[in-house]
Amino acid sequence: MNKILFILHYPPPVHGAAIMGKYIKESHIINNKFITKFIRLGTTNNFNERQRTTLHKIIRFAKLILRCFTTNFIFNPDLIYMSISSKGMGFYKDALIILILKVTGRKFIYHFHNKGVRTRQDKWLDNILYKIIFKNADVILLSQHLYTDIEKYVPENRVHYCSNGIPEISIENDRLRYDKEIVNILFFSNLIESKGVFVLLEACNILKEKQLLFRCIFAGVEGDITADNFYKRVNVLNLSDYVEYLGSKYGKDKEDLFLTIDIFAHPTFEDCSPLVLIEAMQYSLPIISTYEGGIPDIIEDRANGFLVNQLNSEAVADKLEFLIKNPEMRKKMGETGRQKYLEQFTLNKFEKQISNILEISIKK
């Protein structure tokens, strides 16, 4: 059996790449097909800690480098899988680990859950590092829409595409959502401005002015938008009777929340392939999002939701109004999304696809 060293994110903290890393680490399909070792790539234990450089993080990073080096030497893998950052300090840290391990002549495959290489490729240091780390390495992308981000450094014959997938759940409660007087809208992500938090609030303000009956619920960890910042904007727009922030939700609390929702909104303007959109499809929710990253692979406009241009609160409000007024369309789009999830985005399909990609990469 071939040996693979996985250097990847898994919780804590909880974010898309960490969740997928957890699924890989726990995959029976992958662990039965290969001899595996896993190293947690992160140096933080919560989301806010990611924004700061601390002595504890520096010590953790030094220990991480040492563990990667010694495990690589002792384990002697046929392939090193690494879930790397595309830019910024996260990339520099990942690049240092890769440079140290590349000296041993290992095969590498990188799995990107973010994008941004193209925005940094003209910087002299980044350009040099990209050339070195991408040389002779394979890459896994979440969507063909994302290839332009790395095309300067990686030929197409070294690129593999694999959509995310999540575990199947049984949804027995039909929620009777289609006869409700007040429609519930959900935003479920970290409170980060680029996820479209304020765009959605502006859209809610438009809906309020039109005297539509709705409730918009925000859930997720505070990011560059704090709860205070959030409620200041809510108060300015006079939306306190329409908008609520619940903080982070996990496990059963998260499931119960999704079961009360009628429409899912994610008007992001900086994203790759949000896992939460697949979760919304699993719960048969119509989705409103944007033409960003690999999102068009998940949402087919006018089939299982709507795609609008980025930073366009009027367009978001227009689609929300349509779905609020058309419960049968909410039902139809939600059912279409649920079927698409079952056909393309289950965890089983993800595990099999990743396993095949790893096997192909080893044999190259």
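What to note about this one:
- Pairing each residue of the range 221-234 that is within 12 Å of residue 195 (Cα to Cα) with any residue that is at pLDDT 95 or above and among the polar types (S, T, N, Q), provided the two are 6+ apart or on different chains, yields no C-beta distance under 6 Å.
- Filter pass, residue 183 being surrounded by fewer than 23 Cβ atoms within 10 Å (Cβ to Cβ), without any contact (Cβ under 8 Å) to a residue 12 or more places away in the chain, out of contact with any Ser or Thr (no Cβ under 8 Å at 6 or more places or on another chain) and hydrophobic (A, V, I, L, M, F, W, C): no
- So residue 297, is it touching a helix residue (DSSP H, G or I) at 6+ places or on another chain (Cβ under 9 Å) and among the acidic types (Asp, Glu): yes
- Within the range 235-340, strands (runs of 3 or more DSSP E) holding 1 or more residues that are open to solvent by 10 Å² or more (accessible area, probe 1.4 Å), closer than 21 Å to residue 143 by Cβ and at pLDDT 95 or above: 305-308
- Only listed residue being in a helix (DSSP H, G or I), open to solvent by less than 20 Å² (accessible area, probe 1.4 Å) and either more than 23 Å from residue 116 (Cα to Cα) or hydroxyl-bearing (Ser, Thr, Tyr) (or both), chosen from 39, 30, 65, 58: 30
- Of all residues in the range 138-155, those satisfying the criterion of being more than 23 Å from the chain's Cα centre (by Cα) and within 22 Å of residue 80 (Cα to Cα) are 153, 155.
Matching residues to (1) touching a helix residue (DSSP H, G or I) at 6+ places or on another chain (Cβ under 7 Å); (2) outside any loop (DSSP other than H, G, I, E, B); (3) surrounded by 15 or more Cβ atoms within 10 Å (Cβ to Cβ):
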{"site": "153", "(1), (2), (3)": "yes, no, yes"}
{"site": "212", "(1), (2), (3)": "yes, no, yes"}
{"site": "217", "(1), (2), (3)": "no, yes, yes"}
{"site": "228", "(1), (2), (3)": "no, yes, no"}
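- Within the range 341-364, the set of residues being at pLDDT 95 or above, open to solvent by 20 Å² or more (accessible area, probe 1.4 Å) and touching a helix residue (DSSP H, G or I) at 6+ places or on another chain (Cβ under 9 Å) comprises 342, 343, 344, 347, 348, 349, 351, 352, 359.
- Annotation: residue 177 fulfils all but one of (1) more than 29 Å from residue 60 (Cβ to Cβ); (2) buried (at least 17 other Cβ atoms within 10 Å of the Cβ); (3) at pLDDT 95 or above; the unmet one is (3).
- Members of the range 68-107 found to be in a helix (DSSP H, G or I), in contact with a helix residue (DSSP H, G or I) (Cβ under 9 Å, 6 or more places away or on another chain) and hydroxyl-bearing (Ser, Thr, Tyr), listed by number: 92
- In the set 110, 147, 161, 130, only one residue is surrounded by 19 or more Cβ atoms within 10 Å (Cβ to Cβ), without any contact (Cβ under 8 Å) to a residue 24 or more places away in the chain and of a type outside the set (A, V, I, L, M, F, W, C); that residue is 130.
The values are calculated or read from the model by the stated rules, or taken from the named source; none is laboratory data. Please read these numbers as outputs of a predicted model, since none were measured by experiment. Please note: Cβ atoms are built from the backbone with ideal geometry, for glycine as well, and neighbour counts cover all protein chains shown. Protein only, heavy atoms only, side chains kept; ligands, DNA and RNA dropped before computing areas. Shrake-Rupley method; radii C 1.70, N 1.55, O 1.52, S 1.80 Å.
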